[in-house]
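In what follows, a single structure is set out as structure tokens and then discussed.
The values are calculated or read from the model by the stated rules, or taken from the named source; none is laboratory data. On a predicted model such as this, the values are computed, not experimentally measured, just so you know. Reconstructed Cβ throughout: ideal geometry from the backbone, glycine too, with neighbour counts over all protein chains shown. To get the accessible areas, we keep the full protein, side chains included, count just its heavy atoms, and leave off ligands, DNA and RNA. Shrake-Rupley method; radii C 1.70, N 1.55, O 1.52, S 1.80 Å.
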Amino acid sequence: MPNKPLLCFSVLLAFLAVAGGDSGEAAELDYSKLSGIIIPGFASTQLRAWSILDCPYSPLDFNPLDLVWLDTTKLLSAVNCWLKCMLLDPYNQTDHPDCKSRPDSGLSGITELDPGYITGPLSSIWKEWIKWCIEFGIEANAIMAVPYDWRLSPSILEERDIYFHKLKLTFETAFKLRGGPSLVFAHSLGNNVFRYFLEWLKLEIAPKHYNEWLDQHIHAYFAVGAPLLGATETIEATLSGFTFGLPVSEGTARLMFNSFSSSLWMLPFSKYCRTNNKYWKHFSGGRQVGNHTYHCDEEEFKSNFSGWPTKIINIEIPSSRGFDAYPTFSEIPGTNLSGMECGLPIQLSFSAREIADGSFFKAIEDYDPDIKRLLYQLEKSYLGDPVLNPLTPWDRPPLKNVFCIYGSNSKTKVGYYFAPSGKPYPDNWIITDVVYEYEGSLVSRSGNLVEGNPGAISGDETVPYNSLSWCKNWLGPKVNITRAPQSEHDGSDVQIDLNVEHHYGEDIVPNMTRFPRVKYITYYEDSESLPGKRTAVWELDKGACMTCP
């Protein structure tokens with residue numbers, strides 16, 4: 001879950017940043033007319049039942065408007081019923097025949113995931129943030145939330161819930177209500193949602209009015225903990241299950257996660273590979289045939305890791321394709337497959353590009369029943385999306401003010417070793433080792449150093465640094481850098497470096513002092529490269545888990 005003090009801190013910085021714009025802009029902008037629009041992250045919106053479900057062997061049934069995500073009492077007492085209300089058909093994303101769930105609306109849908117029963121408040125998401133805004137004097141109608149069904153891929157979000165149409169109306173309503181543009185606060189997966197919205201909007205508004213609409217309705221965009229090149233933990237959730245601390249088994253978590261088409265939205269992908277631009281084909285009269293075509297720079301094939309610190313997946317598969325790697329539930333689990341008579345297992349490694357283009361899934365398709373479903377969703381909802389293939393690097397959004405905020409310098413997973421477990425599906429894979437980035441090196445779970453290309457800084461415990469910091473490429477060739485302690489200080493220990501040269505595709509590593517045990521915030525700012533636009537990146541030391549759901 002998001003780190004609440006850091007969210008509040010980032011919002012304080014946000015208001016200071018907006019108020020600290022250039023004098024010409026500040027003179028024109030009436031800050032009392034600004035609105036704040038929140039786009040929450042993965043699993044950060046309440047889901048409520050929209051059907052009646054009788055749960056046998058449990059005194060708790062599901063009735064319309066009952067909380068599903070996240071009601072821990074019903075999860076503990078009627079897990080099978082609860083799963084029916086959470087699972088989606090892995091192909092067409094329809095609800096379970098016995099239960100239907102839909103996202104809650106408004107601020108209440110994101111401020112508290114579990115109001116507590118016997119367990120107490122499990123996770124307050126934006127509640128403290130809203131409280132802080134009220135204390136700051138923000139008016140009630142100045143903050144709007146746009147919850148969404150985080151189980152769905154972007155195209156199905158629009159197809160089923162017309163979500164992006166409603167998001168556009170939210171911006172327009174905020175403008176009419178308060179008379180000014182909005183500040184967008186997107187967290188984790190919410191950044192991917194906002195990126196898709198900006199591309200979708202290009203097909204809804206005439207090209208000559210697109211930038212005009214953006215300037216009128218969006219004053220600044222705050223990307224909090226954005227997985228800009230994806231997240232490695234997505235692979236863990238896909239192959240072995242990630243419980244997020246819930247009282248369910250990893251196998252159950254895997255079954256649930258892989259039924260969601262959104263499960264692939266944060267797959268890691270290469271910074272060197274892009275796809276054809278459907279937007280320009282749309283307006284040039286061209287007709288799109290088939291999926292997006294990947295175009296990779298030469299650097300992709302010169303480097304070993306697609307711009308990541310190491311190979312993301314290392315996996316053992318049986319040497320014989322005829323071997324049934326996922327016995328049915330009724331079969332008795334055998335010993336680990338590495339000891340089978342079919343021969344020694346084959347060790348395969350996969351980079352971010354090979355994950356995003358489906359090569360990895362095709363390589364293990366014969367050994368796991370989930371893979372056919374995942375390949376279907378990858379090709380239908382991502383590689384073949386009619387608006388945008390999200391598994392390609394971001395460009396700077398065409399907005400006046402863009403602020404990228406994330407935590408850093410925490411031990412973060414960057415690679416996995418998997419092997420067949422010999423157990424029935426969905427527990428047929430086991431993690432045999434994990435590779436972490438930390439303090440400029442790569443180290444395995446067992447403590448051994450690993451070869452690769454670690455960055456000077458590590459990520460936020462959830463998303464690697466190279467993914468969080470991709471927004472540094474939105475800065476221009478000359479960047480002003482300021483580093484200051486996060487705690488109170490007299491200003492004497494603030495370090496400033498002006499007009500630092502920056503090359504696209506390369507990280508900016510400040511030549512500044514870093515004392516141990518001191519948590520810093522480092523600002524990278526550029527207000528000159530793009531006339532009339534401002535870009536800033538804020539790195540918060542030990543800003544743990546800003547990308548968690």
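Summary of values
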quantity: Highest to lowest packing among 478-487, 163-172, scored as the average C-beta count within 10 Å; calculated: 163-172, 478-487
quantity: Segments 150-157, 79-86, 432-439, 461-468 sorted - mean Cβ within 10 Å per residue, highest first; calculated: 461-468, 150-157, 79-86, 432-439
quantity: Pairs from K131/K411; K166/K472; K311/K542; K33/K542; K400/K472; K271/K302 whose Cα-Cα separation, in the structure shown, is over 23 Å; calculated: K131/K411; K166/K472; K311/K542; K33/K542
quantity: Where R445, R254 fall by accessible area, highest first, once all protein chains stay in place (1.4 Å); calculated: R445, R254
quantity: Stokes-Einstein translational diffusion, the range 184-261 - Kirkwood Rh over all Cα pairs, 1.002 mPa s, 20 °C, in µm²/s; calculated: 142 µm²/s
quantity: 16 Å cut-off, amide nitrogen to a point 7 angstrom out along D395 Cα→Cβ, residues in the range 517-542; calculated: 530-531
quantity: Dipole magnitude (debye, nearest 20) for the range 420-467, charges at Cβ of Lys, Arg, Asp, Glu; calculated: 200 debye
quantity: Protection-proxy order for peptides 449-459, 135-145, each taking the mean of Cβ atoms within 10 Å per residue, highest first; calculated: 449-459, 135-145
quantity: Alpha-carbon centroids, the range 215-253 and the range 379-416: separation in whole Å; calculated: 11 Å
quantity: Per residue, the convex hull volume that the Cα atoms of the range 142-184 enclose (Å³); calculated: 67 Å³
quantity: Kirkwood-based shape ratio for the range 431-549, expressed as Rg/Rh from alpha carbons; calculated: 1.00
